[in-house]
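These notes are about the structure you will find just below.
The values are calculated or read from the model by the stated rules, or taken from the named source; none is laboratory data. Please read all numbers here as calculations on a predicted model, not as lab measurements. Heads up, the Cβs are rebuilt from the backbone with ideal geometry, glycines too, and the neighbour counts pull from every protein chain shown. In case anyone asks, the SASA skips ligands and DNA or RNA and just uses the protein heavy atoms, side chains included. Shrake-Rupley method; radii C 1.70, N 1.55, O 1.52, S 1.80 Å.
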Amino acid sequence: MRDVLKFTVVLVAAVIVMLLVRTYAFSIYRVTSADLEPRVMRNSRVMVNKFRRSTFQRGDLIVFRTDSSYIGVIEQLPGDTVMISNEEYVLPNNCSCHDCDCAENNCYLVNQGRGMTVVRQHEIVGSAFSLNVK
């Protein structure tokens with residue numbers, strides 16, 4: 001009886017630790033589209049480091065969330081000038097969305113494979129890397 005109780009306590013503790021790690025540290029996402037091939041293949045898995053949510057560079061793979069979770073590659077950084085419909089725009093170093101209390105809330109231009117989108121720093125879940133070995 002005592003061994004069953006020990007096993008149950010260890011099992012519950014392991015499940016709690018696993019849930020905490022997946023919620024606050026690392027998560028695994030499945031890529032369901034072929035939009036970012038050959039960088040990330042369809043049906044592959046990526047691990048997301050939720051601790052790394054800033055100081056990105058061009059070419060970094062990220063997962064971000066708006067109404068759903070998306071994966072993309074950072075193409076332009078805050079302060080860069082981009083051309084949209086023959087007009088120049090500067091990606092802001094801060095946003096005015098009022099959805100967060102960040103002192104520095106950068107905007108990034110992200111390639112989702114099927115198009116570009118502006119992603120605010122508070123929408124970024126974390127940096128990602130592929131788990132598939134080539």
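Mind counting the residues in segment 51-76 that are surrounded by 14 or more Cβ atoms within 10 Å (Cβ to Cβ) and either among the aliphatic types (A, V, I, L, M) or outside any strand (DSSP E or B) (or both)? The qualifying residues number 10.
Of the residues making up segment 1-28, those that are in a loop (DSSP other than H, G, I, E, B) and open to solvent by 80 Å² or more (accessible area, probe 1.4 Å) number 1. V31 meets all of the listed conditions (1) surrounded by 10 or more Cβ atoms within 10 Å (Cβ to Cβ); (2) over 15 Å from Y70 (Cβ atoms); (3) β-branched (V, I, T); (4) without any contact (Cβ under 8 Å) to a residue 60 or more places away in the chain but one, namely (2). Looking only at segment 36-50, filter to residues that are more than 16 Å from the chain's Cα centre (by Cα) and of a type outside the set (S, T, N, Q); which one of those is surrounded by the fewest Cβ atoms within 10 Å (Cβ to Cβ)? Checked segment 36-50; the qualifying residue surrounded by the fewest Cβ atoms within 10 Å (Cβ to Cβ) is P38.
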